[in-house]
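Working notes, beginning with the structure itself.
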Amino acid sequence: MTATQHAPTLKETPATLRDIIAVKVTLAALLAEEAEFMDTMQLTRVGMLQERKLKLTGMLERYMRYINKHPEVLAQSTPEDKAELRGVAAQFQEVMKRNYATLLVARAVNRSVVKCVTQVVTRRDSNPIYNARGASKANYRPSPISLTLNETV
């Protein structure tokens with residue numbers, strides 16, 4: 001970097017424990033909805049959730065950055081808020097685990113479908129007599145042709 005270029009500064013967003021709780025609850029609900037849509041193969045609906053999910057994730061990251069820089073926010077919070085945050089955080093982790101497992105299954109299914117389609121296309125497009133260099137395949141045997149005659153030869 002030159003002297004005139006600066007690294008982008010991260011935006012700081014003031015937050016309270018209540019703000020973090022609200023965002024985590026909302027994001028957990030959205031992730032659960034996303035996993036449900038994936039389970040039922042409603043992929044268009046999954047795609048429609050992405051922008052909102054990114055905004056909530058960004059907001060949560062900014063709030064957490066603020067809390068980390070300003071520990072006094074935690075010190076001023078009530079024990080009830082802290083306990084609620086711990087409970088919400090545990091629920092959020094469970095939803096994230098389920099969402100991640102669903103994504104892994106979807107990725108494996110997608111990979112299998114792509115592999116199957118690729119194999120079918122490769123088989124269909126391959127020449128049974130000549131290889132890629134144009135040489136004839138030595139072990140090629142044409143399939144027997146079924147033929148029926150009405151006369152004895």
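Some notes on this structure:
- Put simply, of A101, A83, A89, A75 the only residue that is surrounded by 12 or more Cβ atoms within 10 Å (Cβ to Cβ) and not charged (D, E, K, R) is A89.
- Some residue of the range 51-68 being outside any helix (DSSP H, G or I), modelled with pLDDT under 95 and open to solvent by less than 70 Å² (accessible area, probe 1.4 Å): no
- One residue alone among V114, V120 is assigned to a helix (DSSP H, G or I), among the hydrophobic types (A, V, I, L, M, F, W, C) and more than 26 Å from T40 (Cα to Cα), and that residue is V120.
- Of residues in the range 35-50 being open to solvent by less than 70 Å² (accessible area, probe 1.4 Å), out of contact with any Lys or Arg (no Cβ under 7 Å at 6 or more places or on another chain) and assigned to a helix (DSSP H, G or I), the one nearest to R107 (Cα to Cα): M38
The values are calculated or read from the model by the stated rules, or taken from the named source; none is laboratory data. Note that the structure is predicted; figures quoted are calculated from it, not measured. FYI the Cβ positions are ideal-geometry reconstructions off the backbone, even for glycines, and counts take in every protein chain you see. Remember, those area values only see protein heavy atoms, side chains included, never the ligands or the DNA or RNA. Shrake-Rupley method; radii C 1.70, N 1.55, O 1.52, S 1.80 Å.
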